[in-house]
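Scroll down for the structure; my scribbles are underneath it.
The values are calculated or read from the model by the stated rules, or taken from the named source; none is laboratory data. Owing to the predicted nature of the structure, the values given are computational and were not obtained by experimental measurement. Note: ideal-geometry Cβ built from the backbone for every residue, glycine included; neighbour counts use all protein chains shown.
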Amino acid sequence: MITIDGSFGEGGGQILRSSLALSAITGEPVRIENVRANRSKPGLLRQHLTALNAVTQICGGHASGAELGSSEITLRPGTVRPGNYLFSVGSAGSANLVLQTVLPVLLHLGQPSKVTVQGGTHNPSSPPFDFLTECFFPALRKIGYAVDGHLNAYGYYPAGGGEIVTEVGASDDLFSFEHLERGEEVSRSLEALISNLPGEIAKRELETASKILGIDYDTGCSFRSTDSRGPGNALFGRLEYESGTALMAQFGQKGVSAEQVAKRLAKQMKAFGESSATVDHHLADQLLLPMAMAKGGVFATVRPSLHALTNAEVVRRFTGRSVVFEPGDNCTICQMG
């Protein structure tokens with residue numbers, strides 16, 4: 001059994017999610033101590049408990065400590081089974097992060113499956129589902145995984161109520177993920193989502209961000225009204241290159257002005273655009289497990305987040321594969337052998 005200290009590195013839910021996925025994939029039992037010890041509310045919250053129960057069901061395993069607030073859990077995995085799965089967080093907790101736990105397990109199985117997760121789809125705790133469909137899934141397909149998904153309902157924080165559906169197909173040959181060149185910038189654009197809030201908020205966000213970034217408002221900005229259980233607002237920035245799209249997001253929050261949201265997004269986009277990175281910090285984090293399950297690879301990213309560094313260590317503990325981050329030309333090179 002592998003023992004993981006949940007307080008090391010970023011000390012949050014990422015350690016739990018990656019450890020559970022890798023336990024199910026490798027068949028190695030895992031005990032995680034000090035679960036989410038570095039968070040203001042340590043232990044299992046609803047989305048983490050949902051992730052634990054979900055991966056336990058998919059791998060036919062046995063889990064102990066599966067209750068809200070638990071600071072120590074164990075998973076003894078069984079046999080991973082394909083199927084049509086439905087999991088519900090029961091709150092605005094991130095459905096996307098629950099998917100992040102079970103998706104690598106089903107991808108590794110390489111047989112058709114379908115996963116529906118209900119909960120938060122657009123909240124500050126994780127990249128939005130749009131990021132998965134526009135950035136993460138295309139990267140997975142480059143490795144050789146068959147995956148696609150769609151959104152049935154939007155779920156903003158704090159009301160939740162969203163639903164995402166992901167389909168995994170049969171996969172044969174897997175490849176090394178090689179992504180060091182992004183090519184020329186093709187376009188940049190902004191999109192504001194709004195639900196049960198005045199449209200003026202979206203307009204102010206788009207006007208502010210487009211002015212900072214030099215994007216023509218009429219041709220480079222769009223607005224979308226979405227149906228959801230509660231109020232919500234998200235601002236997306238897309239940088240499209242010859243090799244693919246980078247998507248950045250900021251979310252409206254109570255007490256944060258539309259102009260502040262726009263300035264935060266513009267800062268993100270400018271920093272990425274001025275680098276030579278091919279992969280942003282969210283995608284760098286999410287790619288490590290799928291790469292470890294395949295044939296490794298190399299990509300250029302921005303300064304790696306603590307999430308990515310922590311994830312790299314968890315991958316090493318389960319698979320023996322090392323991840324090296326080295327300075328590159330206006331970027332960081334991540335290489336997995």
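Looking only at the stretch 125-145, filter to residues that are not in a helix (DSSP H, G or I) and not hydroxyl-bearing (Ser, Thr, Tyr); which one of those is nearest to Val168 (Cα to Cα)? Filtering first and then ranking leaves Gly144.
Only one of these is in contact (Cβ under 8 Å) with a residue 60 or more places away in the chain and more than 28 Å from Met336 (Cβ to Cβ): Gly183, Gly214, Gly155, Gly144. Name it.
On the way: Gly183 fails: more than 28 Å from Met336 (Cβ to Cβ); Gly214 fails: in contact (Cβ under 8 Å) with a residue 60 or more places away in the chain; Gly144 fails: more than 28 Å from Met336 (Cβ to Cβ).
Sole residue among the options that is in contact (Cβ under 8 Å) with a residue 60 or more places away in the chain and more than 28 Å from Met336 (Cβ to Cβ): Gly155.
Among the residues of the stretch 152-160, is any crowded, with 20+ Cβ neighbours inside 10 Å, of a type outside the set (A, V, I, L, M, F, W, C), more than 27 Å from Leu239 (Cβ to Cβ) and outside the structural domain of Asn233 (by TED's automatic domain parsing)? There is at least one residue in the stretch 152-160 that is crowded, with 20+ Cβ neighbours inside 10 Å, of a type outside the set (A, V, I, L, M, F, W, C), more than 27 Å from Leu239 (Cβ to Cβ) and outside the structural domain of Asn233 (by TED's automatic domain parsing). Entry remark, the stretch 246-262: residues being closer than 12 Å to Ala202 by Cβ and either of a type in the set (Asp, Glu) or touching a Pro at 6+ places or on another chain (Cβ under 9 Å) (or both) number 1 in total. Could you go through the stretch 59-74 and let me know if any residue there is crowded, with 24+ Cβ neighbours inside 10 Å and either assigned to a helix (DSSP H, G or I) or free of Cβ contacts under 8 Å to residues at least 24 places away in the same chain (or both). No; the residues of the stretch 59-74 include none that is crowded, with 24+ Cβ neighbours inside 10 Å and either assigned to a helix (DSSP H, G or I) or free of Cβ contacts under 8 Å to residues at least 24 places away in the same chain (or both). Residue-level check: of (1) at pLDDT below 95; (2) in contact with a strand residue (DSSP E or B) (Cβ under 6 Å, 6 or more places away or on another chain), Asn152 misses just (1).
Note on the stretch 53-104: among residues that are in contact with a Gly (Cβ under 6 Å, 6 or more places away or on another chain) and of a type in the set (Ser, Thr, Tyr), the one that is nearest to Val117 (Cα to Cα) is Ser94. In this structure, is Glu259 of a type in the set (Asp, Glu), over 30 Å from Gln335 (Cβ atoms) and either touching a residue at least 40 places away in the same chain (Cβ under 8 Å) or surrounded by 19 or more Cβ atoms within 10 Å (Cβ to Cβ) (or both)? Taking the combined requirement at face value, the residue satisfies it. Suppose we filter the stretch 227-271 for residues that are under 23 Å from Val302 (Cα atoms), touching a strand residue (DSSP E or B) at 6+ places or on another chain (Cβ under 6 Å) and outside any strand (DSSP E or B); how many remain? So the count comes out to 5.
Filtering the stretch 7-37 to residues that are over 21 Å from Ser91 (Cβ atoms) and part of a loop (DSSP other than H, G, I, E, B) leaves Ser7, Phe8, Gly9, Glu10, Gly11, Gly27, Glu28, Pro29, Asn34, Ala37.
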